[in-house]
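Here's the structure we're looking at; comments come further down.
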Amino acid sequence: DASRQALLEAVRRHLGERVKITGAGAGAHIVLWPGKRISEDAAVAAAAARGVGIYGVGRYFLKRPSRPGLMLGYPRMREGDLREGVRRLAEVL
């Protein structure tokens, strides 16, 4: 769908090789796996301070995953808002 494509294009443009993307074909969310060690909580807070809502994936696992990940949703979002959100997220990551 157009929203998912806009999100994926924005991630590739603004984050490039800094993250690995998974879940792109799964539905309403994608997960970004940063290449460098980050704190999920700090990244979520820093993104929120820039007006971007993301979630750490750690709380969705029974045991903490071996690396931090960030979940981004895209349903019902305008393409321009998705692009701007990823641009702001790139400032954090």
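The values are calculated or read from the model by the stated rules, or taken from the named source; none is laboratory data. Everything quoted here is computed from the prediction, not taken from an experiment. Side chains are part of the model used for accessible areas, which takes the heavy atoms of the whole protein and leaves out ligands, DNA and RNA. Shrake-Rupley method; radii C 1.70, N 1.55, O 1.52, S 1.80 Å.
Observations on the structure shown:
- Once the 1.4 Å probe is applied to the protein heavy atoms, the chain comes out at 61 Å² accessible per residue.
- If you sort Ser39, Ser66 by accessible surface, 1.4 Å probe, largest first, the order is Ser66, Ser39.
- Remark: relative contact order (region 1-83) = 35 percent; criterion is Cα-Cα distance under 8 angstrom and separation of 6 or more residues.
- What a 1.4 Å probe finds exposed on the chain is 50% carbon and sulfur by accessible area, rounded to a whole percent.
- Long-range tail of P(r) for the chain (Cα pairs > 23 Å, %): 14
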